[in-house]
Each structure stands twice: as structure tokens, then as C-alpha cells.
Amino acid sequence: MSELQRTSNRRDFVIAAGACALTLTSAAVGPRAEEKAPLLDALPEAKAAGATESWETAINVLTGDAKVVDGRIILELPEIAENGNVVPMTVMVPSAMTANDFVRSLRIYSTGNLRPLIATFRFTPDSGKAVVSARIRLAKSQDIVALAELGDGTFLRRTKNVKVTIGGCGG
Amino acid sequence: MNKPRIRLPDNARLGDIIEVKTLIGHVMETGLRRDADGKIVPRNIVHAFIATFNGRVVFEADLLPGISANPYIAFHMRVTTPGEFEFTWIDDTGNKIVEKTPLLLV
């Protein structure tokens, strides 16, 4: 590929994220980068990775007709992430976590990475608290969406924007 | 995968909800990157993490390439009995690491 990408591969050999590929490719296609679907389709890597689905589609397929309430989830992310390769995240879903009332799962979606789903966390009543921390990769500044599935089949959803200074890998 | 690191509180009591911090060394190769010859480096990530306590699943995670290298995962558990954690990480090459850690109560 481009000189830029080869340089990046050497420099960030160990930690370079797939996210980087997206950033660099986006730069190459210019204004069209905003059009998510054509961009993903144009990337053989993305197809091979099963990334043809947009984050909206992924969420709609999962939630179907179920009720989705915005808010309540506490989504802790830095407002500005200097390094898109390692962005600390803590998500808290308020819940009693009893056998009848608990958070079944929590999914984290990226709106700007090549692949929308970042992780699925599954809790049990033994979890006590539906709180999880992890470190995620962000290709560029974007919204992160947390979607929690409750025991009664309804969903909670929260979105937070993160500005990424050094997107993915120094691009 | 490197040997995992587990951090449990050292003053846990029955009835507490404790935070369990886990970290394992892994490259989390996304499958999108190309090597110097322009060939795609095959995806190899830790895609599954399972935590059980006395044989009961407490917490599970399905991870994708959007998780950073050396995945750090912290979750919670309500302590109802003394016992032992068993943590399992599985990567795309089928490599599986199992770590057992007793929970000491005060």
C-alpha cells in the first residue's frame, strides 16, 4: 500500500490496530470516507472480517421490536484520547443484579472503526454489579455506543463522543 | 499469550461486591494489517474470556479486534462464599490459558 502505511507497519509493528488500516485508507479516499458503506465494501480486508454491517444495522438487528431507553448507563471514556490504540473505558449499568432483575449483557459499539462491535460482556446475578472496565482501540474521533440487555428483554443505550488525537496509529 | 495477572482485593468479606482485575499479554492482531511484503497478517486475538467461581460462571466476555493489545478486563462479583476463581482466555490459534486464583477473605 502507501508509503505511509508501510512506515506505520514498521513503527507500530506490535500494537498497530486494524483501526489504523481504516484511518489510512480513509485518508486515501478523501471526502468519500464519510460514506461508511461504500468504504467498507471497497475493502477486501473488511469483507473477510465480516465487517460489512454498519453499527446501526448491528444494533437494530439485535434490539428488533424491543424497547430501547436512552440514558441510565454510565459510560466513562476520556473526552480526548491521545492514543487511539489504548483508550480506557468503564461502563456501569445501574441494576440490583438479583435473579429476576439483572443485566444480561453489555455490548460496546464503535461508530468509526472498521468493525462496529468491540466487545460483548455477559453478566450473571453473581456479578453483583454490572460494571466492567476494558481498554479499546479507536481509529478516529467518533461516538461509542453502549447497549445493555436487561433481564426483561428491554435495552438501555448510551452514546459518548471521544476525540482521538493520534488516531489508531499516528495517522 | 503471557502469564496472566490477576488482582483481587486483599480485604474482601462475605457479602462484599469485589472488583476483579485481569490482564493477559497478547498481541491482539486485528487481521487487517499488512506486513512488509504487503501480505495480510492473519487475525489472532483473544476472542473469549470466561471467569468462574467455584465452578459457576460469574462473567464472560466475547472480544473483537477493537479491544487493545494485552487485554485488560475488570469485572465485579458478589462474595457469598470463600472459594476459587478460574479464568480462561482463548485465542484464534486455539491457544488456551487457564489460571486458578483463590479468593482469600478476612
Query - Filtered residue count, segment A:124-142, keeping only those that are part of a strand (DSSP E or B) and either away from chain B (no Cβ under 14 Å) or under 13 Å from A:Met92 (Cα atoms) (or both) - result: 5
Query raised in the report: Somewhere in segment B:81-88, is a residue more than 13 Å from chain A (Cβ to nearest Cβ) and without any contact (Cβ under 8 Å) to a residue 12 or more places away in the chain?
Result: no
Report summary line: B:Ala48 fails exactly one of (1) in contact with a strand residue (DSSP E or B) (Cβ under 7 Å, 6 or more places away or on another chain); (2) at the interface with chain A (Cβ under 10 Å from one of its Cβ atoms); (3) in contact (Cβ under 8 Å) with a residue 12 or more places away in the chain, namely (2)
Requested in this report: Report the residue count in segment A:143-166 for those that are within 11 Å of the chain's Cα centre (by Cα) and either acidic (Asp, Glu) or part of a loop (DSSP other than H, G, I, E, B) (or both).
Outcome: 1
Report task. Return the residue satisfying two criteria in turn: it lies in segment A:78-101 and is in contact with a strand residue (DSSP E or B) (Cβ under 8 Å, 6 or more places away or on another chain), surrounded by 20 or more Cβ atoms within 10 Å (Cβ to Cβ) and in a loop (DSSP other than H, G, I, E, B), and of such residues it is nearest to the other protein chains (Cβ to nearest Cβ). Result -> A:Met97
**Report entry** Out of B:Ala36, B:Ala12, B:Ala69, sole residue that is at the interface with chain A (Cβ under 8 Å from one of its Cβ atoms), more than 20 Å from A:Leu106 (Cβ to Cβ), over 11 Å from the mean Cα position of the chain (by Cα) and surrounded by 15 or more Cβ atoms within 10 Å (Cβ to Cβ)
**Finding:** B:Ala69
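Name the residue that is farthest from A:Pro88 (Cα to Cα), counting only residues in segment B:51-66 that are β-branched (Val, Ile, Thr) and facing another protein chain (nearest Cβ under 7 Å). Lay out the reasoning, then the answer.
Quick first cut of segment B:51-66, residues β-branched (Val, Ile, Thr) only: B:52, B:57-58.
From what is left, the residues that are facing another protein chain (nearest Cβ under 7 Å) are B:57-58.
Details: B:Val57: 25, B:Val58: 23 Å.
My answer is B:Val57.
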Report task. Please work out which residue is surrounded by the most Cβ atoms within 10 Å (Cβ to Cβ), limiting yourself to segment A:105-123 and to residues that are at pLDDT 95 or above, facing chain B (nearest Cβ under 7 Å) and over 10 Å from B:Leu64 (Cα atoms). Result -> A:Phe123
Requested in this report: Go through the residues of segment B:25-38 one by one and say whether even a single one is under 19 Å from B:Arg5 (Cα atoms), of a type in the set (A, V, I, L, M, F, W, C) and part of a strand (DSSP E or B).
Outcome: no
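The values are calculated or read from the model by the stated rules, or taken from the named source; none is laboratory data. These numbers come from a predicted model, not from an experiment. For neighbour counting, all protein chains shown are included, and Cβ atoms are generated from backbone atoms with ideal geometry for every residue, glycine included.
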